[in-house]
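Participant: First the structure, which I've put down as structure tokens, then a few questions once you've had a look.
The values are calculated or read from the model by the stated rules, or taken from the named source; none is laboratory data. The structure displayed is predicted, hence computed values, not measured ones. Methodologically, a virtual Cβ is constructed for each residue, glycine included, from the backbone with ideal geometry; neighbour enumeration extends over all protein chains shown. The area values use the complete protein model at the heavy-atom level, side chains included, leaving out ligands, DNA and RNA. Shrake-Rupley method; radii C 1.70, N 1.55, O 1.52, S 1.80 Å.
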Amino acid sequence: MTDETMFLKFKDEVETVLADAFDSTEYSADDLRIEESAHADLASSLSFGLASTYRQNPATIANRIADAIIIPADSLIGDVQVAGAYINFFVSKKFLECTIRETFGAKESYGAGHREGRVIIEHTSANPNGPLHVGHIRNSVIGDTLARILKKAGYEVEVQYYVNDMGRQVAIVAWALDRFEFDGGKKTDHAIADVYIRANQELGEDPDLVCEIDSMMQEIELGDEGMIDRFSRVTLLAIDGITTTLARMNVHHDQFVHESQFVRNGDVASLLQELDHRGLVEMIDGALTVPMPEFDKDLVVRRSDQTSLYVTRDLAYHRWKAERCDSMIDVLGADHKLISSQLCHVLAAYGVMEPKIVIFEFVSLPEGSMSTRAGKFISADELLDQIEKQALQEVTKRRPDADAGFRDRVAREVGVGAVRYDIVKVSPEKATTFDWESALDFDKLGAPFIQYSHARACSIIRKAPHVPELAEIDLSLLMSDAEIAFVKQLARFSFVIDTAATELKPHIVAIYARELAESFNQFYRLSPVLTAPDELLRDARIGLVECARVALSNVLDVLGIAAPESM
RNA sequence: GGGCUCGUGGCUUAGCCAGGAUAUAGCGCCGGCCUUCUAAGCCGGACGUCCCGGGUUCGAAUCCCGGCGAGUCCGCCA
């Protein structure tokens, strides 16, 4: 119970006093119907439900229950009020003071939860046939933010990139490298895309060439050394470029797992054998197949030419992962919905832990869907270049006298932050369309607003004559509406993290970050800090600004966005 | 054709799974606020059949059924 956040402790107390109130009334209910509310810190609508059972007016019931509520001394509940049929609960002064105490000086531990367990999260895992485009990075941003949220919540997290180094498209690139010139002057992943696109054109024009790819696939499956080298070369070049792009965006993986390892170490063969032993597979038209009437689509796990498929290797990968963690998360594009359900279905039949699948819908271009193969995409590098260029203009406009190094650094931090925030703020099930105008519109991008609030807090702290110790601060002075509202927002932080970690919804942290910054800006407007009427009040407010700095830098960090001290 | 997802002011979007009190926020629009801690800010205003039609309920943006529209999947590709 001591591990719980201030907000959850408050909720516990509300539940307790409400349940206790039943003892002295005629009422009882299983569901207390406690919810967050715009009208109170927590509210209960349970009298609506009791109205029909007891044949009384809900407002009457609410009043009787509220009258029976006894708030213990030293409670986190400050007040209970009835509004219509609602019973509204408000936090106490103690709640506010404890929140400030917990936040002040908390540094990077702020908001940390106490969840336990080892989680492997897989994200991005784009095929090594070109650079990341603006659709792939939705995967990266969601995955990386989720990883940060899970770490904050207390889990031990390992982030993996599953490298599809045996697939058909790698074969195509390897084949293409023998026929077309590789542009050594370009970033490697972009140069790979060039030959891949050209190869696909050629293969489309002359379908007879496809058998060359097929035979390459057979050789790699059989472990032909020369072919392994050719495939590895492609994979390395592409992944090298991809990780450079990811690093630009503050996205990092702990491990790159190559699917080929599961073929070479025999895991795929043993998996197929095991599926056979358990009677899960049938031979259909020479291909080893898991019948799946429930999906209206059978799952082929070995081609008639004996080669394995992506899903076969993926099954082996998941079996391997399952032994190394307590929970797995896969971040996948909507096109993987069916295949990932089928994968889970096989794992379940096999008795292997299933991954939790986080699906995000597609990012398309105004002219239609993106395709690496057809060369129809906007690369992440291109977007980052443009947004940093735009950000530099914005910084220069506002800080014309600052030196170039400062402006470049802020432009980078603001640019990357803008891209990340713009992606993560939208819930994953929403399909989006990329367009340059809105992607580069700094008036509508959310991250700079939050970063600016943090910089503002830093600026005030910098100018403060001295930053008081917690013990020096008279917390009872921070009781204006804006101050109270802000402290309540501070108290929500770990609750928001925990909810986001449990529901695997990074966007709720993005929304909270904006609300936190908004709330701090209100305080800034209404409560002069450095020019406060007296020193005690000034120090108390500096203390609150310090809390803002801690909270904002932490929430930005969870979002993978830099928190500049000045901008 | 079947499966899955989405449909909220001009545009983008929260809330929907666990139904409740005036539907969230941003952009854009209109009007204010810098000799005052960073105006990448703040305040005020206009703008809504929560896609449509039924149903369940004291109560539906939220749940159920049926439509309509958009996206996506339905390869021995990944």
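Participant: Residues to consider are A:500, A:510, A:548, A:457; find the one that is away from RNA strand B (no atom under 11 Å from the Cβ), in a helix (DSSP H, G or I) and not hydroxyl-bearing (Ser, Thr, Tyr).
Facilitator: A:548 is the lone residue from the list that is away from RNA strand B (no atom under 11 Å from the Cβ), in a helix (DSSP H, G or I) and not hydroxyl-bearing (Ser, Thr, Tyr).
Participant: Only one of (1) assigned to a loop (DSSP other than H, G, I, E, B); (2) within 30 Å of residue A:552 (Cα to Cα); (3) touching a residue at least 12 places away in the same chain (Cβ under 8 Å) fails for residue A:38. Which number is that?
Facilitator: (3)
Participant: In addition: Look at the range A:528-545 and say how many of its residues are farther than 14 Å from residue A:456 by Cα and within 7 Å of RNA strand B (Cβ to nearest atom).
Facilitator: 1
Participant: Still on this structure, please answer the following. Out of the residues in the range A:48-82 meeting the condition of being of a type in the set (Gly, Ala, Ser) and either within 13 Å of RNA strand B (Cβ to nearest atom) or free of Cβ contacts under 8 Å to residues at least 40 places away in the same chain (or both), tell me which one is nearest to residue A:8 (Cα to Cα).
Facilitator: A:78
Participant: Still on this structure, please answer the following. Quick one: residue A:468 ticks every box in (1) surrounded by fewer than 17 Cβ atoms within 10 Å (Cβ to Cβ); (2) not in a helix (DSSP H, G or I) bar one, so which box is it?
Facilitator: With respect to (1) surrounded by fewer than 17 Cβ atoms within 10 Å (Cβ to Cβ); (2) not in a helix (DSSP H, G or I), residue A:468 is out only on (1).
Let's see how each residue does on (1) crowded, with 17+ Cβ neighbours inside 10 Å; (2) out of contact with any Phe, Trp or Tyr (no Cβ under 8 Å at 6 or more places or on another chain); (3) aromatic (Phe, Trp, Tyr):
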site	(1), (2), (3)
A:497	yes, yes, no
A:510	yes, no, no
A:523	yes, no, yes
A:549	yes, yes, no
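Participant: For the range A:254-347, which fully contained strands (runs of 3 or more DSSP E) count at least 2 residues that are more than 20 Å from residue A:163 (Cα to Cα)?
Facilitator: A:282-284, A:287-290, A:299-302
Participant: Here are A:337, A:321: which of them is basic (Lys, Arg), touching a residue at least 12 places away in the same chain (Cβ under 8 Å) and surrounded by fewer than 18 Cβ atoms within 10 Å (Cβ to Cβ)?
Facilitator: Answer to the selection: A:337.
Participant: Pick from the range A:385-405 the residues that are surrounded by fewer than 16 Cβ atoms within 10 Å (Cβ to Cβ) and in contact with a Lys or Arg (Cβ under 7 Å, 6 or more places away or on another chain): which of them is farthest from residue A:132 (Cα to Cα)?
Facilitator: Step by step, filter the range A:385-405, then rank; the result is A:399.
Participant: Would it be correct to say that residue A:382 is more than 11 Å from RNA strand B (Cβ to nearest atom), open to solvent by less than 30 Å² (accessible area, probe 1.4 Å) and part of a helix (DSSP H, G or I)?
Facilitator: In short, no.
Participant: Now for a separate question. Starting from residues that are more than 8 Å from RNA strand B (Cβ to nearest atom) and not hydroxyl-bearing (Ser, Thr, Tyr), keep the ones in the range A:516-526 and report whichever is nearest to residue A:497 (Cα to Cα).
Facilitator: The extreme case among them is A:516.
Participant: Evaluate the following for residue A:488: is it in contact (Cβ under 8 Å) with a residue 40 or more places away in the chain and crowded, with 18+ Cβ neighbours inside 10 Å?
Facilitator: yes
Participant: What number of residues within the range A:434-446 are within 9 Å of RNA strand B (Cβ to nearest atom) and of a type in the set (Gly, Ala, Ser)?
Facilitator: Matching residues across the range A:434-446 total 2.
Participant: Between a residue in the range A:519-531 that is farther than 15 Å from residue A:484 by Cβ and any residue that is within 6 Å of RNA strand B (Cβ to nearest atom) and open to solvent by 60 Å² or more (accessible area, probe 1.4 Å), which pairs come within a Cβ distance under 8 Å, given they are 6 or more apart or on different chains?
Facilitator: A:530/A:463
Participant: Ok, one more. For the range A:416-433, enumerate the residues that are in a helix (DSSP H, G or I) and either within 9 Å of RNA strand B (Cβ to nearest atom) or open to solvent by 70 Å² or more (accessible area, probe 1.4 Å) (or both).
Facilitator: Once the filter is applied, which keeps residues that are in a helix (DSSP H, G or I) and either within 9 Å of RNA strand B (Cβ to nearest atom) or open to solvent by 70 Å² or more (accessible area, probe 1.4 Å) (or both), the range A:416-433 yields A:418, A:422.
Participant: Okay, next question. Quick test for you: out of A:457, A:447, pick the one residue that is open to solvent by less than 10 Å² (accessible area, probe 1.4 Å), of a type in the set (A, V, I, L, M, F, W, C) and within 20 Å of residue A:247 (Cβ to Cβ).
Facilitator: Of the residues listed, the single one that is open to solvent by less than 10 Å² (accessible area, probe 1.4 Å), of a type in the set (A, V, I, L, M, F, W, C) and within 20 Å of residue A:247 (Cβ to Cβ) is A:447.
Participant: For residues that are more than 21 Å from the chain's Cα centre (by Cα) and either assigned by TED's automatic domain parsing to the domain that holds residue A:134 or not hydroxyl-bearing (Ser, Thr, Tyr) (or both), tally how many sit in the range A:416-443.
Facilitator: Qualifying residue count, the range A:416-443: 7.
Participant: I'm trying to understand the selection: among the residues of the range A:104-139, which are closer than 30 Å to residue A:471 by Cα and under 17 Å from the mean Cα position of the chain (by Cα)?
Facilitator: A:111, A:112, A:113 - these are the residues of the range A:104-139 that are closer than 30 Å to residue A:471 by Cα and under 17 Å from the mean Cα position of the chain (by Cα).
Participant: Only one of (1) crowded, with 16+ Cβ neighbours inside 10 Å; (2) over 30 Å from the mean Cα position of the chain (by Cα); (3) away from RNA strand B (no atom under 15 Å from the Cβ) fails for residue A:45. Which number is that?
Facilitator: Every condition holds for residue A:45 apart from (3).
Participant: Counting just the residues of the range A:355-375 that are modelled with pLDDT under 95 and charged (D, E, K, R), which one comes out nearest to RNA strand B (Cβ to nearest atom)?
Facilitator: Going through the qualifying residues, I end up with A:373.
Participant: Here's a follow-up. Do we find that residue A:239 is in a helix (DSSP H, G or I), within 15 Å of residue A:131 (Cα to Cα) and in the same structural domain as residue A:141 (by TED's automatic domain parsing) in this structure?
Facilitator: When the stated conditions are applied, residue A:239 passes them.
Participant: Looking at A:85, A:112, A:126, A:174, which is the one that is farther than 30 Å from residue A:387 by Cβ, open to solvent by less than 20 Å² (accessible area, probe 1.4 Å), of a type in the set (Gly, Ala, Ser) and in contact (Cβ under 8 Å) with a residue 60 or more places away in the chain?
Facilitator: Matching residue, one of A:85, A:112, A:126, A:174: A:174.
Participant: Here is a list of conditions, (1) at positive phi; (2) surrounded by 16 or more Cβ atoms within 10 Å (Cβ to Cβ); (3) more than 11 Å from RNA strand B (Cβ to nearest atom), and residue A:102 meets all of them except one; can you say which number that is?
Facilitator: Every listed condition holds for residue A:102 apart from (1).
Participant: Restricting attention to the range A:273-288, and to residues there that are of a type in the set (D, E, K, R) and within 16 Å of RNA strand B (Cβ to nearest atom), which single residue is least open to solvent (accessible area, probe 1.4 Å)?
Facilitator: Per the criteria, the residue is A:282.
Participant: Pairs needed: first member in the range A:363-375, free of Cβ contacts under 8 Å to residues at least 12 places away in the same chain; second member anywhere, in a strand (DSSP E or B) and more than 9 Å from RNA strand B (Cβ to nearest atom); C-beta distance under 8 Å; at least 6 residues apart or different chains.
Facilitator: A:367/A:376; A:368/A:376; A:369/A:376
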